[in-house]
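The values are calculated or read from the model by the stated rules, or taken from the named source; none is laboratory data. In this text, all values refer to a predicted model and were calculated from it rather than measured experimentally. Glycine also receives a Cβ, built like all others from the backbone with ideal geometry; neighbour counts cover every protein chain displayed. With ligands, DNA and RNA removed, areas are computed over all heavy atoms of the protein, side chains included. Shrake-Rupley method; radii C 1.70, N 1.55, O 1.52, S 1.80 Å.
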Amino acid sequence: MSIFQAIILGVLQGIAEFLPISSSGHLAVAQKLFGLSDVPLLFDVMLHLATLAAVILYFRKKIARLFVILFRWILPNGKRKIENGKLENEEGKAFPCKSKSNNIFINDAHKEVGESKINPQEFCLQNSCHDRMSEATPSPRGIAPKTPEADLLTGTDELGRKTILAVIFATVVTGAIGVVTSKLIPELPIKVTCAGFLFTACLLIFSAKFEKRKSARKSDVPFDSAQGTLSQSGEVKPKGISILQALFIGFMQGVGTLPGISRSGSTIAGAQLAGVNRAAAGEFSFIVSIPAILGAFVLEAKDLGEVGSQIGVLPVFCGCLAAFAWGYLSLSILMKLIRKGKLEWFACYLIPLGILGLIFF
């Protein structure tokens, strides 16, 4: 494999890994066109690792927050404490102050809370501080309450713990399916990959229609229990991702390991079909890919020396670098499209690609 071919494969991986068009399918087609029939599967996995680095960089704050919540969960919790200029209550919710006299407010809040005179969140609000979790506005009777603009995966410790459990359960299901599909992938003909393109397109269209119908139903009712629980004050508290939703998302991610079926497309679509909103579905899709990609690398790591001897160190490095750079760019674009609900647009590309592949390969 030449350096140019490795860079082209890296660019394809970087673009197709996050856009719902199947990176493995595009790599298989490109290798077929280049006449590269002896490329080790580990090379594809290493390109996936490069795009994984882009995921970690893009979601670094959210991933760090999950680790903080995890450590808080498994380690003994102390009483209320102040760390890094933030007041925390026993539930681990932080209330950072935005006032110029930040230290004074924090110390006063700590004193008041210690004497049980006032709720820490109320104290911060009364002293012109900013609660990091948005408050929902109570709504008049018969009008749907306004959902808070909060982080549905890591906004609170409870949501973070649910996200961690969801990642674990989804990964177990994906791993079980991946063990089976990893033995089938090398033997599947290229036409199966092209059929996978068509399957991904249908999945994107179906999930988009499902999302639109769900949104239409929400507008006809004062409150949709799928959003969360409704408090007496009219605040909608997000439920987070449940175990059943995680199992279904993990299954869809396992289906996405087949050639031609987009992992990101099937996982995001699966999350939406399970009732997760678009933004959280997109974020969770890429966070849950981290252990899946690492697991695939561990399974193929025994062939690491074979990659260097058959392809060369420099082509592998150039391909991974291209995959990382283009992966970060495509991830930034995709997250904007997810929030706008435009993923079905990619079906316009996948359908003719799949049909042409079935005809000419």
With a probe of 1.4 Å, find how much accessible area the range 158-208 has per residue, and write the answer as a whole number in Å². 48 Å²
Under Karplus coefficients 6.51, -1.76 and 1.60, residue-wise ³J(HN,Hα) of the range 273-278 in Hz, glycine/proline x: 5, 7, x, 7, 5, 4
Once you sort the root eigenvalues of the Cα gyration tensor of the range 249-288 as a ≥ b ≥ c, which label holds: rounded (a/c under 1.5), prolate (a/b larger than b/c) or oblate (the other case)? prolate
By its C-alpha gyration tensor, with a ≥ b ≥ c as the square roots of the eigenvalues, how is the range 21-61 shaped: rounded for a/c under 1.5, else prolate for a/b larger than b/c, else oblate? prolate
Multiply the residue gap between Leu329 and Leu165 by 0.36 nm, knock off their C-alpha separation, and tell me the result in nm, one decimal place. 56.1 nm
From the backbone phi of the range 314-329, what are the Karplus-calculated ³J(HN,Hα) couplings (6.51 cos²θ - 1.76 cosθ + 1.60, θ = phi - 60°) in whole Hz, Gly and Pro given as x? 5, x, 5, 5, 5, x, 5, 5, 5, 5, 5, 5, 6, x, 5, 5
If you plug each phi of the range 14-20 into the Karplus form 6.51 cos²θ - 1.76 cosθ + 1.60 with θ = phi - 60°, what whole-Hz ³J(HN,Hα) values come out, in order, with x for Gly and Pro? x, 6, 7, 5, 9, 5, x
Would you mind putting 17-26, 248-257, 275-284 in packing order, based on average other-beta-carbon counts within 10 Å, highest first? 17-26, 248-257, 275-284
For an R0 of 30 angstrom, estimate the FRET efficiency from the Cβ-Cβ distance between Val313 and Ile63 and round to the nearest 0.05. 0.55
For labels at Leu294 and Ala279 in the simple 7 Å Cα→Cβ model, what's the distance in nm? 2.7 nm
Amide H proximity to Ala274 below 5 Å, modelled H, separation 5+ or other chain, gives none
